[in-house]
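Accompanying notes for the structure given below.
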Amino acid sequence: MEARDNGDGLTSAALSAHLNLLQTQPGFVGAELLVSPAQPGLLLIASRWACPAPQLALPAGAKSWVFEVQESRGAVSGEWEGRGGR
C-alpha cells in the first residue's frame, strides 16, 4: 500500500490504524510501515500473508497492489529482532 502524507500526520495515523486492522485478519504473518528520507511524505505498508491477502477498504488516498514473492534472501521480518536489529 502506498500513501502520501502532506505533513499533518493524518496519513501516517491512518496507515498505523490500518496496520492494526491487518493483524486481525486470518492468514496475517507480518507488516511494516515504511518511510524513506529520500522520498519525504511517501509511506508504504509491506505485508505478508500465509494465504491470499484479504480485500479490505483502504485509507483515503491510498493505493495498493498485491505482489507475490518469486525469490527471497536473508531473514524474514522478525527473525533478526533481538540480534542487533532495530
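The values are calculated or read from the model by the stated rules, or taken from the named source; none is laboratory data. Quick caveat, the model's predicted, so the values are computed rather than measured.
Could you list, in sequence order, the residues of the range 31-58 that are within 13 Å of the chain's Cα centre (by Cα) and closer than 11 Å to residue 4 by Cα? Steps first, please.
Just the residues of the range 31-58 that are within 13 Å of the chain's Cα centre (by Cα), to begin with: 31-35, 42-49, 53, 58.
Once the filter is applied, which keeps residues that are within 13 Å of the chain's Cα centre (by Cα) and closer than 11 Å to residue 4 by Cα, the range 31-58 yields 35, 42, 43, 44.
Among the residues of the range 1-52, write down those that are part of a loop (DSSP other than H, G, I, E, B) and at pLDDT 95 or above.
Quick first cut of the range 1-52, residues part of a loop (DSSP other than H, G, I, E, B) only: 1, 5-9, 23-27, 36-41, 50-52.
23, 24, 25, 26, 27, 38, listed by residue number.
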